[in-house]
Amino acid sequence: MRPALNRAIFAQRVWDSGALTVLATLVHVFDEAGDYEIFVRRGEAIVHRVTLAVGRDGAPRQLDLDLAALPGDDTRCGCEGGDGYAISEPGLVSFHVSRGAGAYSVRVQRRTERHKEWVLDSAESIPEGDLFAVVLVRPGVYAVADKVSGAEARISVELPRGERYRMDEPAMVELQKGFDPSELRVLAGRAVVFRCQDRARIGIELADETATVSS
Amino acid sequence: MAHVTVAVNESAFQSSLELLKRSFRFAAADSGDFGPFRLGYDVEAHLEGGTVDLRADNTFELKELDVRWSRLKVKLGLDIPSMCVGGGCIDLPWPLPDFCLPRWCLFEADPDVSIEPDLAAFVAQEVSLTGSLVVRYFDVTVPPPAIDPCALLRVVPPPPNNRWNIHLDPQTIDLDLFDFPDIVGNLFEDGLTSVIEALIPGGIVRDLVLVIVGSVADLIRDILDIPDEIDEWLSDFFNVSFGLHDLLLQVVGDFFSSCNPLYGIDDPLEILPATSTLIPVRIPIANVAVRNDANEMIIEADVGA
């Protein structure tokens with residue numbers, strides 16, 4: 001039997017940090033110990049809810065949540081309980097979507113004895129200090145824009161012929177009063193990681209698929 | 001002095017040997033799982049050609065005997081490794097830990113591919129034997145062994161009576177090693193390329209997959225873990241790992257020396273057939289010996305128990 005091809009990898013052309021899809025990753029930095037609760041939404045519906053303890057001794061420094069694989073669906077939130085998660089302080093939690101056509105957003109609430117506060121609402125924006133990464137597969141020129149600051153950038157994705165290369169070498173872009181660098185060339189299949197020094201909402205779109213730069 | 005002497009000249013000897021040689025059949029099948037790949041074979045061979053030379057030193061030489069493969073199927077299955085994009089780790093400033101990115105893989109599960117070409121047309125080997133003629137007595141009262149090594153090699157069933165058998169007893173057997181030509185390597189590469197490319201749609205998807213794996217040839221060599229040509233790798237497998245060369249060597253030896261006599265003399269020997277009124281006339285045969293010189297094979301025997 002032929003194995004199923006993960007077609008979303010090749011079909012995705014638009015990304016939005018406010019609506020996470022395949023090939024996109026949002027990384028939230030937890031730099032304050034405490035008890036948190038994570039709410040995962042697909043569209044308008046909450047499809048998952050789980051607790052997170054930050055600062056527990058011996059806990060891992062990184063937690064990866066595949067939003068497409070969490071229990072829950074559009075009719076129920078998967079809130080039936082469970083053990084929750086724990087990470088160190090500081091620690092990182094990444095949210096990504098492994099398959100499918102759904103678009104997800106994440107809200108994180110910090111709870112104390114006396115109050116609760118929202119520390120992340122990805123549908124609105126990415127807080128300062130967080131990261132947003134996208135794996136660009138299709139060759140072409142991508143337009144990048146930050147809806148909060150209005151900053152723009154361009155990424156040219158190349159597919160070299162006859163040359164074997166590693167996919168696991170991401171490129172870094174700093175976002176602070178503009179993208180640095182604002183023009184970037186990467187090889188297809190590698191991740192581009194935006195480190196947000198300001199609050200941001202990043203959108204990426206394949207603007208010109210025919211402008212493939214080949215070596 | 002023997003009571004009976006029979007001489008068989010070299011030409012007649014050759015004819016008898018030809019009849020026996022034509023009955024030779026070798027068939028074998030085996031497979032192995034070697035982790036990232038699986039390799040198996042299904043083969044069948046017979047013998048053709050060759051000339052026999054009776055030598056003055058009481059030995060014979062059977063040379064330039066061709067091993068012809070009527071079937072030499074090789075089944076190669078590969079587990080294609082994960083083909084994924086993304087991944088890698090990024091260095092974040094202290095006190096933040098480094099962050100490692102997720103990967104997205106092209107297939108839901110690792111795909112398997114396999115091909116099964118028939119390489120019979122590309123392989124040719126020669127075998128030659130030297131040895132002497134020996135006499136062995138077949139006693140019908142002795143029960144057969146629990147595991148009969150001649151079960152698949154015997155041309156005719158064991159006789160229902162005692163018999164003096166004259167066998168070729170090879171002392172040396174030279175068999176060419178399996179040596180697949182370059183074209184076999186091309187055959188495998190082309191075949192695997194076709195099945196791998198059939199897994200993935202064309203256009204940008206295929207371009208990206210081929211960038212990930214290098215080329216299909218690179219992928220095959222990585223999975224098989226071989227620096228050399230596929231044909232050399234396959235030859236080593238047949239000669240060493242599967243032991244097919246040694247097996248064929250043993251089968252050829254057993255065929256002539258143990259399982260199929262060249263000539264047989266019944267004991268007792270019927271010299272007059274039965275008639276409507278008389279039983280057959282049979283004489284006991286004893287002390288059978290065989291030798292040869294450069295011209296003929298000589299069989300000597302005594303009459304009587």
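The values are calculated or read from the model by the stated rules, or taken from the named source; none is laboratory data. Source: prediction; values computed, not measured. Glycine gets a Cβ as well: all are built from the backbone with ideal geometry, and neighbour counts include every protein chain shown.
Worth pointing out:
- Qualifying residue in segment A:132-139 (condition: of a type in the set (Gly, Ala, Ser), over 22 Å from A:Gly43 (Cβ atoms) and over 15 Å from the mean Cα position of the chain (by Cα)): no
- Considering only residues in segment A:90-113 that are at the interface with chain B (Cβ under 9 Å from one of its Cβ atoms) and farther than 15 Å from A:Asp16 by Cα, the one that is farthest from the chain's Cα centre (by Cα) turns out to be A:Pro90.
- Count of segment B:98-143 residues, restricted to those that are buried (at least 17 other Cβ atoms within 10 Å of the Cβ), within 14 Å of chain A (Cβ to nearest Cβ), more than 30 Å from B:Glu232 (Cα to Cα) and touching a Leu at 6+ places or on another chain (Cβ under 7 Å), is 4.
- Residue within segment B:83-91 that is touching a helix residue (DSSP H, G or I) at 6+ places or on another chain (Cβ under 9 Å), surrounded by 15 or more Cβ atoms within 10 Å (Cβ to Cβ), more than 30 Å from B:Asn165 (Cβ to Cβ) and of a type outside the set (Val, Ile, Thr) present: yes
- The listed residue being touching a Cys at 6+ places or on another chain (Cβ under 9 Å), surrounded by fewer than 22 Cβ atoms within 10 Å (Cβ to Cβ) and either in contact (Cβ under 8 Å) with a residue 12 or more places away in the chain or assigned to a loop (DSSP other than H, G, I, E, B) (or both), out of A:Glu128, A:Glu113: A:Glu128
- Total residues in segment B:137-178, condition in a strand (DSSP E or B) and either of a type in the set (Ser, Thr, Tyr) or at pLDDT below 90 (or both): 2
- Counting only strands (runs of 3 or more DSSP E) that fall entirely inside segment A:146-204 and contain at least 1 residues that are more than 12 Å from chain B (Cβ to nearest Cβ) and touching a Lys or Arg at 6+ places or on another chain (Cβ under 8 Å), the qualifying elements are A:152-158, A:171-175, A:183-187.
- Those residues of segment A:11-45 which are hydrophobic (A, V, I, L, M, F, W, C) and surrounded by fewer than 17 Cβ atoms within 10 Å (Cβ to Cβ), in sequence order: A:Ala11, A:Val14, A:Ala33, A:Ala45
- On inspection, B:Glu44 does not qualify as on the phi > 0 side of the Ramachandran plot and of a type in the set (Asp, Glu).
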